[in-house]
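For reference, the structure discussed in these notes is given below.
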Amino acid sequence: MRTLAIVAGALALSACGTMGGETAPPPAGLDLSGGSFTGWVRVTGEEFQLFAEQRDLLIMGTQACVSGALPRNLQRAAGDISGSQVRFFGRTLAWSERNQTQSHDWQGSNIVNGCRKDVVILADWVEVVR
């Protein structure tokens with residue numbers, strides 16, 4: 001019976017993690033104050049994760065990032081930029097202002113905020129930094 005209670009508790013905590021409850025401020029190394037956001041990117045389906053430092057990008061499971069997305073067709077084509085240093089152009093959105101309970105639809109792309117930050121990036125376009 002005790003094992004069942006522990007498993008139930010773990011499942012409840014895991015569900016909270018996906019519901020967008022607890023978030024944190026963006027990492028200090030990412031400047032989110034303007035209309036362009038430069039860093040290292042990992043593309044994960046309908047969402048990207050932007051890291052200030054390349055070393056953070058290489059550490060799986062780190063949340064030293066900010067989630068975001070491009071409009072659907074651009075996001076689907078963005079997989080080849082994963083691992084690159086890029087500059088996204090767009091704006092940020094407070095996660096508390098998302099348009100769905102557990103995610104945010106950005107022009108057909110579904111942001112689930114895998115980085116778990118207070119803001120996400122709504123990008124209009126991206127360029128690779130050379």
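Could you compute the FRET efficiency for LEU74 and ALA24, with r as their C-beta to C-beta distance and R0 at 25 Å, rounded to 0.05? Walk me through the numbers on the way to the answer.
Numbers: r = 27 Å, r/R0 = 1.09.
With a Förster radius of 25 Å, E is 0.35.
Treating r as the C-beta distance of TRP125 and ARG55 and R0 as 35 Å, the FRET efficiency rounds to 0.85. Extending 7 Å from Cα along the Cβ direction at ARG91 and again at THR44 yields two label points whose distance is 2.6 nm. The distance linking the stretch 99-114 with the stretch 68-83 is 14 Å (Cα centroid to Cα centroid, whole angstrom).
Summary of packing: across the peptides 55-62, 112-119, the per-residue average of other C-beta atoms within 10 Å ranks them, highest first, as 112-119, 55-62.
Is the stretch 23-130 rounded, prolate or oblate when judged by the Cα gyration tensor, a ≥ b ≥ c being the square roots of its eigenvalues, rounded requiring a/c under 1.5 and prolate requiring a/b larger than b/c? Rounded is the answer for the stretch 23-130, as its axis ratio a/c remains below 1.5.
Every number here is computed from the coordinates shown, using simple stated rules; none is lab data. Since this is a predicted model, take the numbers as computed values, not measurements. Here the Cβ is made from the backbone with ideal geometry for all residues, glycine too, and neighbour counts use every protein chain on show.
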